[in-house]
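What follows is calculated from the coordinates using simple rules that are stated; it is not laboratory data. Remember, it's a predicted structure, so these values are computed and weren't measured experimentally. Please note: Cβ atoms are built from the backbone with ideal geometry, for glycine as well, and neighbour counts cover all protein chains shown.
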Amino acid sequence: MSGTIAVLGAGSWGTALALALARNGRDVRLWGHSPEHTAQLAADRENRKHLPGTRFPNTLIPEADLHQAVAAAADILIVVPSHGFRDLLERLAPILKPSQRLAWATKGLDARSGQLLHEVADELVGPNRPLAVLSGPSFAKEVAQGLPTAVTIAATDDSFGKDFARAFHSESFRVYTSRDITGVELGGAVKNVLAVAAGVSDGLGFGANARAGLITRGLAEMMRLSQALKADPQTIMGLSGVGDLILTCTDDQSRNRRFGLALGQGNSIDEAVANIGQTVEAVRTAREVYKLAQRISLDMPICEQVYYLVTGEVDAETAVRNLMARAQKAEF
Ligand SMILES: NC(=O)C1=CN([C@@H]2O[C@H](COP(=O)(O)OP(=O)(O)OC[C@H]3O[C@@H](n4cnc5c(N)ncnc54)[C@H](O)[C@@H]3O)[C@@H](O)[C@H]2O)C=CC1
Ligand SMILES: O=C(CO)COP(=O)(O)O
């Protein structure tokens with residue numbers, strides 16, 4: 001990755017990643033789907049409105065026009081919420097050049113088909129285009145502030161993986177490479193669902209034992225799903241699996257955890273989503289993970305109860321009772 005990188009998606013994560021790339025000496029075009037928001041970013045290069053103290057380097061250029069952002073770029077990084085991933089790829093398909101490689105930092109599954117995002121990318125802009133995913137324990141605000149962070153980049157193509165990692169890698173942003181796209185994507189999607197469960201438990205005041213139990217049994221569900229989909233179990237023990245699971249289940253910067261906390265404290269789904277005011281991926285991902293587990297007859301009881309919660313079929317206390325009432329079984 002030596003030329004300009006187009007970061008498509010100017011929410012908190014796209015902006016933080018654009019900052020990380022630009023600070024690392026890369027030319028970046030940052031496209032957002034709201035022209036007003038992009039204009040505001042261009043007018044406020046000190047980033048005072050969103051995150052004071054995170055000035056945009058001169059090499060970071062907000063761009064309201066998708067075609068211009070893509071035309072200027074050697075490679076593309078998508079950072080829109082998962083519900084916008086397929087639509088954006090459909091817009092990109094006719095304008096991407098064959099030489100442009102495609103990466104994303106979106107966490108979730110395709111809401112229309114339940115597919116993993118690399119399957120959607122392969123279908124819409126493949127089949128031979130190098131693809132990569134960036135994931136791991138990384139709150140946008142901390143990355144934007146330049147605080148130490150470690151993530152994983154999994155790529156279909158070793159040279160793309162290495163180039164993309166190099167574009168980000170710095171003293172404050174450590175990037176590990178992987179070939180296991182499926183495992184990295186699964187970890188990033190499922191941890192959001194489990195963070196809701198951890199939040200619910202804490203919102204109900206269940207304490208530290210319950211939280212640690214949920215994280216550990218949640219990890220077992222993540223592992224089971226990754227094995228069923230032929231991902232590498234080691235990936236689940238890495239940054240994009242257990243690393244992000246711990247981060248998201250234990251720190252209130254997580255929107256998914258805060259969503260669960262709000263439900264545990266008796267708020268409705270709509271109230272919780274409105275109060276957070278940003279993307280809460282698990283509201284959709286819980287549905288997709290549930291359907292996937294059903295399709296392949298996989299036991300994922302915590303994810304299942306989160307699905308019943310987000311579809312309004314149970315309340316927080318019933319979800320917990322349902323989990324605790326399960327038959328006794330061997331741990332492994
Ligand atoms: N914020 C974080 O700390 C991290 C977020 N992520 C992931 O990054 C993705 C994006 O999340 P955030 O930037 O945090 O969300 P955000 O809520 O901060 O911003 C989302 C942005 O996407 C735009 N948007 C909404 N619908 C869209 C569509 N259909 N097409 C294009 N753009 C659309 C919104 O205008 C907004 O600017 C999610 O999948 C999230 O899980 C991953 C790691 C860290
Ligand atoms: O993925 C994240 C950190 O790695 C952000 O989590 P939330 O979307 O729950 O805020």
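Its relative contact order, with pairs defined as Cα atoms under 8 Å and 6+ residues apart, puts region 71-190 at 23 percent. Out of Ile276, Gly3, Ala262, whose Cα points farthest toward the positive end of the dipole of the chain (charges: +1 Lys, Arg; -1 Asp, Glu; placed on Cβ)? Comparing the listed Cα positions along the dipole, Gly3 ranks first.
On average over all directions, what projected area in square nanometres does region 156-306 have, based on the convex hull of its Cα atoms?
Working: hull surface 38.4 nm².
Average projection, Cα convex hull of region 156-306: 9.6 nm².
What residue among Asn24, Asn256, Asn209 shows peak mean-square fluctuation when the chain is described by a Gaussian network model with Cα springs under 10 Å? Maximum fluctuation in the GNM of the chain, among the listed residues, is at Asn209. Among Asp252, Asp122, the order by Cβ neighbours within 10 angstrom, fewest to most, reads Asp252, Asp122. Available extension along the chain between Glu36 and Lys291 is 88.1 nm, counting 0.36 nm per residue and deducting the alpha carbon span. Relative contact order, whole percent, for the chain stands at 15, derived from Cα pairs under 8 Å and 6 or more residues apart.
Working ranking of peptides 33-45, 272-284 by packing, defined as the average number of other Cβ atoms within 10 Å per residue, highest first, is 272-284, 33-45. Taking the alpha carbon gyration tensor of region 5-179, multiplying each eigenvalue by 5 and rooting it gives semi-axes of 23, 19, 15 Å, largest first. Residue ranges 3-12, 313-322, 158-167 sort as 3-12, 158-167, 313-322 when ordered by packing (mean number of other C-beta atoms within 10 Å per residue, highest first).
Using the rule -39500 (n - 2.57) for each DSSP H run of four or more residues, divided by the residues of the chain, the 222 nm mean residue ellipticity is -15000 deg cm²/dmol. Label separation (Asp158 vs Arg112): 3.6 nm, computed from points 7 Å beyond Cα along the C-beta direction.
Looking at the chain from every direction and averaging, what is the projected area of its Cα convex hull in nm²?
Convex hull of Cα atoms, orientation-averaged projection: 15.9 nm².
Checked against a 26 Å cut-off, the cross-linked pairs Lys97/Lys291; Lys97/Lys230; Lys49/Lys162; Lys191/Lys329; Lys162/Lys291; Lys230/Lys291 give Cα-Cα distances beyond that limit for Lys97/Lys291; Lys97/Lys230; Lys49/Lys162; Lys162/Lys291. The modelled label-to-label distance for the pair Asn58/Asp251, using points 7 Å beyond Cα in the direction of Cβ, is 3.3 nm.
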